[in-house]
Amino acid sequence: MADALTVELVAADRTVWSGEATFVIARTVEGDIGVLRGHAPVLSLLTEAIVEITAEDGHTVFAVADGGFLSVANDRVSILSERAELATEVDVEEARALLEDARSGHWTDGSEAERRIRMAEARLRVVERDSSASSAS
Amino acid sequence: MAVSLREYRARIKSTESMKKITRAMELIAASRIIKAQQRAQAAAPYARELTRAVSAVATYSNVDHPLTKEEENPTRAAVLVITSDRGLAGAYSSSVLKEAERLAERLRAEGKEIDLYISGRKGEAYYRFRQRPIVQSWTGFSDQPSYDVAAEVGRTLIDSFVKDPGEEGDVDEVHVVYTRFRSMLTQEPTAIRLLPLEVVEADDAPQGEGHSDRTGDGEVLPLYEFEPSPEAVLDALLPQYVQSRIFYALLQAAASELAARQKAMKSATDNADELIKKYTRVANQARQAGITQEISEIVGGVNALADAQTEA
């Protein structure tokens with residue numbers, strides 16, 4: 001595909017999603033980054049947030065990454081995240097419980113608590129986004 | 001005679017039930033190997049991309065990182081020995097432990113003290129029995145390690161590596177001893193130095209089949225821009241890299257363990273077959289001998305009676 005990006009979203013123990021896409025949005029520690037074809041090579045750190053991939057056939061894949069890296073080079077995008085999951089794989093109940101747990105304040109380490117809250121919120125949000133996107137189409 | 005015949009029959013029976021067990025274990029191991037290999041393959045893309053990213057940063061920036069810094073006078077080395085939780089895998093655990101002993105010997109000759117970190121109950125038992133101190137051990141996952149475990153092991157090792165000299169538990173080097181899965185027939189105990197990191201595209205880096213085309217040799221890495229900075233990226237990358245290397249070692253060890261178990265159980269089953277054959281023959285012989293003896297006794301008795309009658 002001449003005008004497509006080759007995208008790989010990989011978790012530590014599996015490939016979560018891979019294929020051709022036209023547009024990728026991810027959130028780095030410095031803010032959102034959108035990648036189209038011809039993007040300059042970049043290697044950046046991701047934060048716990050949603051990753052949005054617009055696939056070749058036009059539908060959008062929502063996933064959530066818990067930090068990790070985004071590397072772009074030669075129209076190849078790889079998103080590495082230890083525990084990445086697709087919106088359809090998120091266990092909503094579990095994410096809610098984790099959010100409660102993170103907010104309960106028994107995490108003495110403030111940044112760890114914040115990280116957990118961000119991750120749990122991202123997981124819940126990604127499910128909402130995914131369901132609203134699929135109901136709109 | 002009849003007694004020993006019964007004995008042989010009992011032995012055949014017990015060998016047969018043992019054979020059933022070893023046969024079942026062989027089949028279980030065989031089906032798990034496939035799964036273990038699939039897991040190793042599924043983990044390959046992550047490790048591959050991570051290796052690429054690390055070499056990209058290493059190529060385009062001269063960043064000094066605590067994890068790559070060689071200590072001038074290494075005095076303490078941590079050794080992570082990856083063994084199995086369960087036995088009945090032939091020489092699997094003992095050959096890893098032998099390799100670990102060899103490495104320890106070498107390190108001691110270089111004037112380094114050893115801190116032991118163990119994964120797997122067999123290794124733990126081995127060192128405990130010899131009353132050698134173990135700094136930390138992890139057990140209960142040897143045939144299907146998860147990434148979380150690898151991450152925890154990695155964090156522990158990195159923590160002790162980056163401690164200041166003189167601090168309790170500080171080590172200057174980290175070595176890993178594991179079993180490399182070469183094929184179903186050969187598994188090779190291997191010792192590697194994990195830290196300080198030498199960032200090279202190691203030839204034993206995990207590569208899934210059919211993926212190697214993209215990371216071919218001689219490929220020129222693009223001139224990356226690093227966000228927020230090369231240092232920050234490296235800071236986040238290297239621990240992940242270490243963890244992924246450990247995960248890879250655990251997966252390889254798991255596949256090797258299962259392969260070793262399958263092989264051991266297969267030869268146990270074969271041996272049981274041999275034994276059954278042998279005992280059956282001996283039992284038949286004993287039975288035949290019994291019959292022959294009985295016949296000769298009867299014939300002898302009849303003759304004696306006949307002789308007595310003719311005399312009378």
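The values are calculated or read from the model by the stated rules, or taken from the named source; none is laboratory data. Remember, predicted model here, so these are calculated numbers, not experimental data. Glycine gets a Cβ as well: all are built from the backbone with ideal geometry, and neighbour counts include every protein chain shown.
B:ILE118 is checked against (1) part of a strand (DSSP E or B); (2) surrounded by fewer than 21 Cβ atoms within 10 Å (Cβ to Cβ); (3) in contact with a Ser or Thr (Cβ under 6 Å, 6 or more places away or on another chain) and fails just one. What number does that condition carry?
(2)
Any idea how many residues of segment B:232-248 are under 13 Å from B:VAL176 (Cβ atoms), at the interface with another protein chain (Cβ under 9 Å from one of its Cβ atoms) and not small (Gly, Ala, Ser)? Steps first, please.
Taking segment B:232-248 and keeping what is under 13 Å from B:VAL176 (Cβ atoms), we get B:242-248.
Narrowing further to those that are at the interface with another protein chain (Cβ under 9 Å from one of its Cβ atoms): B:243-244, B:247.
Still in the list and also not small (Gly, Ala, Ser): B:243, B:247.
So the count comes out to 2.
Give the residue that is nearest to the chain's Cα centre (by Cα), with candidates limited to residues of segment A:1-28 that are of a type in the set (Gly, Ala, Ser) and closer than 30 Å to B:GLN252 by Cβ.
So in segment A:1-28, the residues of a type in the set (Gly, Ala, Ser) come out as A:2, A:4, A:11-12, A:18-19, A:21, A:26.
Next, from what is left, pick out any that are closer than 30 Å to B:GLN252 by Cβ: A:11-12, A:18-19.
Details: A:ALA11: 11, A:ALA12: 14, A:SER18: 13, A:GLY19: 15 Å.
Among residues in segment A:1-28 that are of a type in the set (Gly, Ala, Ser) and closer than 30 Å to B:GLN252 by Cβ, the one nearest to the chain's Cα centre (by Cα) is A:ALA11.
What is the number of the single condition among (1) basic (Lys, Arg); (2) in contact with a Lys or Arg (Cβ under 9 Å, 6 or more places away or on another chain); (3) closer than 28 Å to B:LEU185 by Cβ that B:LYS19 does not meet?
Only one criterion is unmet by B:LYS19, namely (2).
How many residues does segment A:43-100 contain that are among the β-branched types (Val, Ile, Thr) and in a loop (DSSP other than H, G, I, E, B)?
Summing the residues that are among the β-branched types (Val, Ile, Thr) and in a loop (DSSP other than H, G, I, E, B) in segment A:43-100 gives 1.
What number of residues within segment A:48-84 are away from chain B (no Cβ under 11 Å), among the polar types (S, T, N, Q) and in contact (Cβ under 8 Å) with a residue 40 or more places away in the chain?
1
Select from segment B:139-166 the residues that are away from chain A (no Cβ under 14 Å) and within 20 Å of B:ALA40 (Cα to Cα) and write down the one among them that is surrounded by the most Cβ atoms within 10 Å (Cβ to Cβ).
In this case the residue turns out to be B:SER142.
All but one of (1) modelled with pLDDT of 85 or more; (2) under 26 Å from B:GLU225 (Cβ atoms) hold for A:PHE62, so report the exception by its number.
(2)
Go through B:GLU49, B:GLU26 for me and flag whichever is among the charged types (D, E, K, R) and modelled with pLDDT of 90 or more.
B:GLU26
Among the numbered criteria (1) outside the structural domain of A:GLU128 (by TED's automatic domain parsing); (2) surrounded by 13 or more Cβ atoms within 10 Å (Cβ to Cβ), which single criterion is violated by A:GLU30?
Every condition holds for A:GLU30 apart from (2).
Of (1) under 26 Å from the mean Cα position of the chain (by Cα); (2) closer than 30 Å to B:ARG9 by Cα; (3) buried (at least 17 other Cβ atoms within 10 Å of the Cβ); (4) of a type outside the set (Gly, Ala, Ser), B:ILE276 satisfies all except one. Which?
Unmet condition: (1).
Identify all residues within segment A:1-47 that are more than 14 Å from every other protein chain (Cβ to nearest Cβ) and of a type in the set (Lys, Arg); write none if there are none.
Scanning segment A:1-47 gives a single hit, A:ARG37.
Going through segment B:87-102 one residue at a time, which ones are crowded, with 21+ Cβ neighbours inside 10 Å and either assigned to a loop (DSSP other than H, G, I, E, B) or more than 17 Å from the chain's Cα centre (by Cα) (or both)?
B:ALA89
Specify the residue that is farthest from B:GLU99 (Cα to Cα); the eligible residues are those in segment B:177-199 that are in a loop (DSSP other than H, G, I, E, B) and among the hydroxyl-bearing types (Ser, Thr, Tyr).
The selected residue is B:SER183.
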